[in-house]
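Participant: Structure incoming, see below.
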Amino acid sequence: MQTHQYDVVIVGAGGAGMRAALEASGRARTAVISKLYPTRSHTGAAQGGMCAALANVEEDNWEWHTFDTVKGGDYLVDQDAAEVMAKEAIDAVLDLEHMGLPFNRTPEGRIDQRRFGGHTRNHGEAAVRRACYAADRTGHMILQTLYQNCVKQNVEFYNEFYVLDLIVDHDLSAGHVPEGEEVNATGVVAYDLATGEIHVFQAKSIVFATGGAGKIFKTTSNAHTLTGDGMALALRRGFPLEDMEFFQFHPTGLAGLGILLSEAARGEGAILRNSEGERFMERYAPTIKDLAPRDIVARSMANEVREGRGCGPNKDYVLLDLTHLEPAHIDAKLPDITEFARTYLGVEPYTEPVPVYPTAHYAMGGIPTNIQAEVLRNDQDVVKGLYAAGECACVSVHGSNRLGTNSLLDINVFGKRAGRAAAEYALTAEFRELPEDPTASVVAELENMRSRPDGERVADLRKALQETMDRNAQVFRTAESLTEALDDVRALQKRYRNVSVQDKGRMFNTDLLEALELGFLLDIAEVTVVAAINRKESRGGHFREDFPKRDDVNYMKHTMIYRRPLAQDGEAAEVFDGSDEYFSHAEEFDDYQVVLGSKPVTVTRYQPMERKY
Ligand SMILES: Cc1cc2nc3c(=O)[nH]c(=O)nc-3n(C[C@H](O)[C@H](O)[C@H](O)COP(=O)(O)OP(=O)(O)OC[C@H]3O[C@@H](n4cnc5c(N)ncnc54)[C@H](O)[C@@H]3O)c2cc1C
C-alpha cells in the first residue's frame, strides 16, 4: 500500500474534473485521479455545443437562459443555481476561448452560435442561437483544451487509477451522526490498474467529478466507463443521492444502436418524420417543433411508434431527415455525426433520412450539492471537505430534464466553483487522521472476487440489468414495470455477491474492475428505480403512464435517497440528523435499506406554470 497527501484530490479528469484542477492547482497542492487517461473521458464525446447568452448572432440575455433552463427542467430546477449558471456562462465560454479553444466563427469573426432544443428568446417566443460550438466535436475541443492547460500548469495526474472508496470520519451508512458533530471527508482509496497496487490519498478537500451512469441501460449514448462510481461511493457511505428517477432519453440515437446523433442536427434544420412522412413534432410542440426539449421529443417519438407510425420492417423507429440541407452545410457543421450514420447504419444522410430512436443519455440526478459545490449529507448540512461537480452531481440546474448544451456549461461553471472552493477550504483546514486501515474493505472485496473459483459472470449480470432497465424504466414507466425492474435488480444484487472473475492476476486486470463497476451500476439502478416508484407523477424525463400529469401539490420537491442500516424490527430508522419527516417510504434489502426523503425546490423568480412549447 502506498500513501499520498494532497491539499486537494480531484476524482475524475473529464471536463468538470479538469476545470476544477485548473482552479485548485494554482492555489493548493492538487492531484487528479482518473480511471481513464484524461482525454478519453466522455466529455470528449460531446458533440453539439455549450450554451451561453453571448448574443453574438442575435439578441439574448442570461435571464432568458435561466427561464428556459427552469422551464426545460419542468420547474424542478433550483433557480438560484440556474441563475448562477446562466450568468457565469458567458465567462465560462470566454475562459475557454482564452485558453485556446477553436470555436466556430461568424463571418465577422465572432463566436458563432447555433439553435438547440428548448433555448428560446423572450420566454418561449422562438428558438434562439445560444450554443457555442466547434463543428460537432465541441466536447473533444473542450477536453483537449482543458488538458493542455492542465499540462501547462503542471497539474499532477494519477491516470488509470480507480477510486474504490471514500474515507470519512463518520460512516452514515452505519448509523447516526451524534447531534452537533461535523462529518468530514478525509481521503480516498484507489487501485492502480497497471500494478494492482492499492493507494491511499489523504486530502483536506476531495472533489468528485466522476461523470454519469448511463450504462445501467442497454441502449445508451454513454461510454462503457460511465458506471456511476462516484455516486455509488457516496451512497454507500450513507450520503444521499438526489433526483435519481430523472434520466434523460435523448431523442436521436441511431436506431438499434443508441450511438448519438447530436441535437445540433435539428439545430441546423433537420426534421423528424414518421412512416407517413409527416413532420409529427408540429402536433406535439407547435411553436418550436423539432427543437422542443428532449423529454417531449423523445416521448413524442415513442408515441408515434406505439401508434403504428414507426418506420422500418418492425415499425420501431422514426426518421431524421437532413436531405433538404446542402451537403456543404452538412460537411461544415455536422461532419462527425453524419459519418456515424454512414459507418454504423450504411445510410447516406445527404440523400436518405437516418433511422433514430431515443437512447439513454444523461443523469439529471446525482450527488446533491449547494451552489458552492459542497456535498450535502441531508437536506441542509454539508460534508466538510467534500465537493462534487459535473454529471455525477446534482446542484440542481437540470431539474427533471436537462436542456441540450447545458451540461458542457454546467461542468465548466460548477467545475470551476468546486475547484476554487476546495482549494480555499484546504488552505484553512488541517489534515484529519485516517482510520487505522482504510483499505480493509476494498482489499477484502478484491480478494473475494479474485479468489472465488467460480461464480456469477459479470457479463451475464450486466446484460440482465441493462435489459430490465430498458424494458421497464425507459421513456414510459408504470408502477408495474418499475416494480418488475426493482425485483430484477435486487435479484441481480444478490447474485452479484457471488460474482467471480476469470483473470486472477494483478497487472491490468480489467476483468476485476469491470466486476467492481457492475457493483456500482446495480446500486445506482436500485435507487433509480425506487425513486421512480415513489414519484407518482410525470415530470420532465420521468413519465408515469399511471400518473400522466405533473402534481405540484405532492411532488414539487427533490427526492433524496439514502442507504441506512436495516432496523431490527424491519421498520425504517425513523430519525437521523433530527429530520424525521424525511421518511415517506422504505424498501428493505438484506443488510441495508433504501430510505427516501425530500428537499425543497428553490424558487426565486419563476412560479411553476404549465409547460407548453
Ligand atoms: C455522446 C454524447 C454527446 C454529448 N453532447 C453534449 C453536448 O453537445 N452538449 C452538452 O452540454 N452535453 C453533452 N453531453 C453530456 C456531457 O458531455 C456530459 O454530461 C459531460 O461531459 C460530463 O462531464 P464530467 O466531467 O462530469 O464527466 P466525464 O467527462 O464523463 O468524466 C468522468 C471522469 O471521471 C473519471 N472516473 C469515473 N469513475 C472513476 C473512478 N472510480 N476512479 C477514478 N476516476 C473515475 C473518469 O476517468 C473520467 O475522467 C453529451 C454526452 C454524450 C454521452
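Participant: How big is the charge dipole of the chain about its Cα centre, in debye rounded to the nearest 20, if each Lys and Arg gets +1 on its Cβ and each Asp and Glu gets -1 on its Cβ? Can you show the working numbers first?
Facilitator: Numbers: 66 positive and 93 negative charges, 300 e Å.
The calculation lands at about 1440 debye.
Participant: Grab the Cα-Cα distance for Glu276 and Thr343, subtract it from 0.36 nm times how many residues apart they are, and report the gain in nm with one decimal.
Facilitator: My answer for the length gained is 21.5 nm.
Participant: Moving on. Long-range amide H contacts for Asp165: which residues qualify at under 5 Å (H placed 1.01 Å from N, peptide plane, sequence gap of 5 or more or a different chain)?
Facilitator: Val189
Participant: Looking at the square roots a ≥ b ≥ c of the eigenvalues of the Cα gyration tensor of the range 429-562, which shape do they give, rounded for a/c under 1.5, prolate if a/b is larger than b/c, or oblate?
Facilitator: oblate
Participant: What does the charge add up to near Asn498, with Lys and Arg as +1, Asp and Glu as -1, over the other residues with Cβ less than 10 Å from its Cβ?
Facilitator: +2
Participant: Hey, another quick one. Calculated FRET efficiency, Arg471 and Asp511, Cβ-Cβ r, R0 25 Å, to nearest 0.05?
Facilitator: 0.35
Participant: Using 0.36 nm per residue, how much length does the chain from Met609 to Asp316 gain when fully extended, once their Cα-Cα distance is taken away?
Facilitator: Full extension of this stretch gives 102.1 nm more.
Participant: Once you compute Rg and the Kirkwood Rh from C-alpha atoms, what is the Rg to Rh ratio for the range 339-421?
Facilitator: Dividing the radius of gyration by the Kirkwood radius yields 1.21.
Participant: Cα centroids of the range 471-544 and the range 395-437: how far apart, whole angstrom?
Facilitator: 26 Å
Participant: Give the peptides 472-481, 360-369, 425-434, 44-53 in descending order of average Cβ contacts within 10 Å, highest first.
Facilitator: Ranked from most to least packed, the peptides come out as 360-369, 44-53, 472-481, 425-434.
Participant: Then there's this: Of the peptides 296-306, 14-24, how do they stack up when ordered by the mean number of other Cβ atoms within 10 Å, highest first?
Facilitator: Most protected by this proxy first, the peptides run 14-24, 296-306.
Participant: If you don't mind, another one. Please report, in debye to the nearest 20, how large the charge dipole of the range 71-199 is about its Cα centre when each Lys and Arg carries +1 at its beta carbon and each Asp and Glu carries -1 there.
Facilitator: The calculation lands at about 1320 debye.
Participant: Here is a follow-up. Scanning the chain for helices, which whole DSSP H stretches are 24 Å or more long along the axis (Cα) and average 0.5 or more by Kyte-Doolittle?
Facilitator: 510-534
Participant: Write down the Kirkwood hydrodynamic radius of the range 257-341, to one decimal in angstroms, obtained as one divided by the mean of 1/r over all alpha carbon pairs.
Facilitator: Across the range 257-341, the inverse of the average 1/r is 13.4 Å.
Participant: How much net charge surrounds Thr428 when only other residues with a Cβ under 15 Å from its Cβ are counted (Lys, Arg +1; Asp, Glu -1)?
Facilitator: Taking every other residue near Thr428 into account, the sum is +1.
Participant: Related question: Hey, what number do you get for the chain at 222 nm if only DSSP H runs of n ≥ 4 count, each worth -39500 (n - 2.57), divided across all residues, to the nearest 500? Before the final figure, lay out the partial values.
Facilitator: Numbers: 16 runs with 197 residues, N = 613.
Helices in the chain give a 222 nm mean residue ellipticity of -10000 deg cm²/dmol.
Participant: Then there is this: As I understand it, the dipole of the range 152-205 uses +1 on the Cβ of Lys and Arg and -1 on the Cβ of Asp and Glu, about the Cα centre. Which of Tyr158, Ala174, Val188 lies farthest toward its positive end?
Facilitator: Positive-most Cα among the choices belongs to Tyr158.
Participant: While we're on this one: What number in nm² do you get for the chain if you take the convex hull of its Cα atoms and divide its surface by four? All intermediate terms of the calculation are to be shown ahead of the outcome.
Facilitator: Values: hull surface 103.1 nm².
It is 25.8 nm².
Participant: Only four residue types carry charge here, +1 at the Cβ of Lys and Arg and -1 at the Cβ of Asp and Glu. Report the dipole size of the range 55-114 about the Cα centre in Debye, rounded to the nearest 20.
Facilitator: Dipole size: approximately 260 debye.
Participant: OK, next. Along the range 199-206, what does the Karplus equation 6.51 cos²θ - 1.76 cosθ + 1.60 (θ = phi - 60°) give for ³J(HN,Hα), rounded to whole Hz, x for Gly and Pro?
Facilitator: Using θ = phi - 60°, the values come out as 10, 10, 10, 8, 8, 7, 10, 10 Hz.
Participant: Which lysines have a Cα less than 19 Å from the Cα of Lys152, not counting those fewer than 8 places away in the same chain?
Facilitator: Lys416
Participant: What residue among Ile337, Tyr350, Cys311 has its Cα farthest toward the positive end of the dipole of the range 251-358, where the charges are +1 on Lys, Arg and -1 on Asp, Glu, each on the Cβ?
Facilitator: Checked the options; the winner is Cys311.
Participant: Right, something else. Of the listed peptides 207-215, 594-602, 76-84, 413-421, what is their order by residue-averaged count of other C-beta atoms within 10 Å, with the highest listed first?
Facilitator: Those peptides, ordered most packed to least, come out 207-215, 413-421, 76-84, 594-602.
Participant: Sticking with this one: For the range 156-193, run through the GluC sites (Glu not before Pro) and keep only the ones in DSSP coil with at most 16 other Cβ atoms within 10 Å of their Cβ.
Facilitator: Here the sparse-neighbourhood loop sites are Glu179, Glu181, Glu182.
Participant: Next question. Would you mind calculating the gained length between Glu484 and His98 on full extension (0.36 nm times residue separation, minus the Cα-Cα distance), in nm to one decimal? All intermediate terms of the calculation are to be shown ahead of the outcome.
Facilitator: Details: separation 386, 0.36 × 386 = 138.96 nm, distance 5.10 nm.
Full-extension gain reported as 133.9 nm.
Participant: How far apart, in nm, are the 7 Å Cα→Cβ label points at Asn370 and Glu182?
Facilitator: Reported label-point gap for Asn370 and Glu182 is 1.3 nm.
Just so you know, all these numbers are worked out from the coordinates, no wet-lab data involved. The shown structure was predicted, so the numbers you read here are calculated from the model rather than taken from an experiment. Methodologically, a virtual Cβ is constructed for each residue, glycine included, from the backbone with ideal geometry; neighbour enumeration extends over all protein chains shown.
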